[in-house]
Amino acid sequence: MPRHPIRPTEQHRSGNARRFRSLAAAAACLALTLTACGGGSGSESADGGDVELTFTWWGADARAQLTEQVIDKFEEENPGITIKGDWGGWEGYWDKLATSTAGGDAPDVIQMDETRIAAYGERNALLDLTTQEDILDLSEMEPEVLQTGEVKGGALAGVPVGVGIFSVGVNPAILEQAGLQMPDDTTWTWDDMFDMAAQVSEKLGSEGVYGFDFFGTQAAELGTFARQNGEEVYPRDGETPVSTETVEKYFETALELMETGATPAASTQAESTGNIEQSLFGTNKSAFHLQFHTQIQAFVDASGSDLKLLRLPAQEEGEPQNMVNKASMYWSISSRTEHPEEAAKFVNFLINDEDAASILKVERGVPAIPSIQEALKPQLTPTGTMSLEFAATMQEEVVTPPQVTPANASDFSTEFTRIGNEVLFGSQSPQEGAKTVVAYLEGLQ
């Protein structure tokens, strides 16, 4: 089994009459600037009374339908404000946002991701939300959660919509079929998980079932691996940057997992990292899967199985897992909006209103406001309740989250996946892959 254990560490129509503006795509605009020029995108109606806000988000049909319901509810309660929605899939979302931002026509309210928030926030394209504290009530949010929306300089560039915690999804039925019991996630180690995964593959491999679906190509995995070795992928002042030796051990572990059969061949792994409905974990073909805990509902829906959440394993029994909060996504406001107070009022509704929460539930993650979590409990499915309670329990154990992805590192996740695949497929050795990764990160400094 691998003996390089890991050290502790988230479309189309809603059917409603809203129609969206089309914006020309030009990725080059991002380089020209997120500093944003010109006026904002908000506007008053012809009679000069009502305010129209533009609002953009990414997601699938289900998210769009729920979001449109929330918009309708907000407009019903705020007759002077109209929300114009604009949404689409992840692919193309960022090019479109970069284009509108560079053209001075950014949406007023923006669904923002951790990998991009610094890129926009540090170039003054996003409003510092502390300027709207009279309207936007963040008093209930835990400081450890709220700080995940801060960018360099201390500006609050986004309000965390919910909390995501990198964890282990497990299919208990597969473990049972393999003659294994559910592990105790308060004491287990990575070697324990790897050994169990290899046993599952050995006993059920003839049925196309594996112990562990994939490992070696995801930036979140590397973040965990680095943190459990006392390092960080994006270190703050005083923190140790991830080393070539640590990245090399990570890649060696990925190769050893394939050799023992704990994970499938590289080609099968690559096929399982995309669509949830076609993934190994989503089709009951793997026992373990690393994920942000908020994704568990989507896997339950896809698999039809009673899946569970476990803590990350530790390096050695008794050592802490050092798990961290990650914002599932953020609500941000354009710094060029002509209506910052109305935009803040809408964001406040999205995060603090029980009616809004009753519609959205945990689709964008476990809500970041504790009182909203409590209000939602009676309305949640068993899986939703499990997800909420998992996050609540982990708040007593999580450590200080890493800094958000730096402004010039938004593409690191994609680049890391490319390098990881080259190592898994054998076109780079673990040592070569590690040098490539560290050189890339050093080039960002």
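The values are calculated or read from the model by the stated rules, or taken from the named source; none is laboratory data. Note that the structure is a prediction, hence the values are computed from the model and not measured. Cβ sites come from the backbone with ideal geometry, for glycine too, and all protein chains shown count toward neighbours. Quick note on the areas: whole protein, heavy atoms, side chains included, nothing else; ligands and nucleic acids left out. Shrake-Rupley method; radii C 1.70, N 1.55, O 1.52, S 1.80 Å.
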(request) Hey, can you grab everything whose amide H is under 5 Å from the amide H of Y210? Only 5+ residues off in sequence or another chain; H modelled, so Pro and N-termini drop out. (result) S286, A287
(message) Suppose every Lys and Arg Cβ carries +1 and every Asp and Glu Cβ carries -1, with no other charges. What dipole size does region 350-445 come out with about its Cα centre, to the nearest 20 debye?
(response) 180 debye
(request) Report the relative contact order of region 113-167, percent, no decimals, based on alpha-carbon pairs under 8 angstrom and at least 6 residues apart. (result) 40 percent
(request) Hand me the tally of lysine pairs in the chain: alpha carbons under 18 angstrom apart, and the pair either on different chains or 8 or more positions apart. (result) 11
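Kindly report the accessible area of region 246-323 per residue (heavy atoms of protein chains, probe 1.4 Å, no ligands, DNA or RNA), in Å².
It amounts to 37 Å² per residue over region 246-323.
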(request) Counting helices only, and only those DSSP H runs with n ≥ 4, report the 222 nm mean residue ellipticity of the chain as the sum of -39,500 (n - 2.57) divided by its residues, in deg cm²/dmol to the nearest 500. (result) -11500 deg cm²/dmol
(message) With an 8 Å Cα cut-off and a minimum separation of 6 or more residues, compute the relative contact order for region 102-223 in percent.
(response) 16 percent
(request) Leaving out ligands and nucleic acids, note down the accessible area per residue over region 159-219 with a 1.4 angstrom probe, in whole Å². (result) 33 Å²
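Among 252-262, 331-341, how do they line up by average Cβ neighbours within 10 Å per residue, starting with the highest? Can you show the working numbers first?
On the way: 252-262: 20.1, 331-341: 23.3.
Answer by packing, highest mean first, reads 331-341, 252-262.
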(request) Express in nm, to one decimal, how much length is gained between A392 and E77 on full extension, taking 0.36 nm for each residue of separation and deducting their alpha carbon distance. (result) 110.3 nm
(message) Could you sort K203, K152 by their accessible area in this structure, using a 1.4 Å probe and putting the largest first?
(response) K152, K203
(request) Round to the nearest 0.05 the FRET efficiency obtained for Y440 and T273 when R0 = 25 Å and r is the Cβ-Cβ distance. (result) 0.80
(message) I'm spelling it out carefully: the read-out is mean projected area of the Cα convex hull in nm², the candidates are (i) 22.7; (ii) 27.5; (iii) 20.8, and one was derived from this structure. Which label?
(response) (iii)
(request) Write down the percent of antiparallel bridges among all DSSP beta bridges whose residues are both part of the chain, to the nearest 5. (result) 60 percent
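Report the relative contact order of region 217-271, percent, no decimals, based on alpha-carbon pairs under 8 angstrom and at least 6 residues apart. Provide the component values of the computation, followed by the final result.
Values: 32 pairs, mean separation 11.7, N = 55.
Relative contact order comes out at 21 percent.
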(request) Would you please classify the overall shape of region 201-302 from the alpha carbon gyration tensor, given that a ≥ b ≥ c denote the square roots of the eigenvalues, rounded means a/c under 1.5, and beyond that prolate means a/b larger than b/c while oblate covers the rest? (result) oblate
(request) State, to one decimal in nm, how far the label point of T186 lies from the label point of D301, with both points 7 Å from Cα in the Cβ direction. (result) 3.3 nm
(request) Using only the Cα atoms of region 315-407, build the gyration tensor, take square roots of its eigenvalues as a ≥ b ≥ c, and label the shape rounded, prolate or oblate: rounded if a/c is under 1.5, else prolate if a/b is larger than b/c, else oblate. (result) oblate
(message) When a/c reaches 1.5 or more, the comparison of a/b and b/c decides; with that in mind, is region 287-352 rounded, prolate or oblate per its Cα gyration tensor?
(response) oblate
(request) For region 105-113, just list the computed ³J(HN,Hα) in residue order, Karplus coefficients 6.51, -1.76 and 1.60, θ = phi - 60°, integers in Hz, with x standing in for Gly and Pro. (result) 10, 5, x, 5, 10, 10, 7, 10, 10
(request) Take the solvent-accessible surface of the protein heavy atoms, probe 1.4 Å, and return the percent of it on the chain that carbon and sulfur atoms account for. (result) 47 percent
(request) Could you do me a favour and compute the accessible area per residue for region 47-118, 1.4 Å probe, result in Å²? (result) 33 Å²
(request) Quick one: what are the phi-derived ³J(HN,Hα) couplings along region 283-297, Karplus 6.51/-1.76/1.60 with θ = phi - 60°, whole Hz, x for glycine and proline? (result) 10, 6, 10, 8, 7, 10, 8, 7, 6, 6, 4, 5, 7, 4, 5
(message) Run the numbers for T131 and S427: contour at 0.36 nm per residue of separation, minus the present Cα-Cα distance, in nm.
(response) 101.5 nm
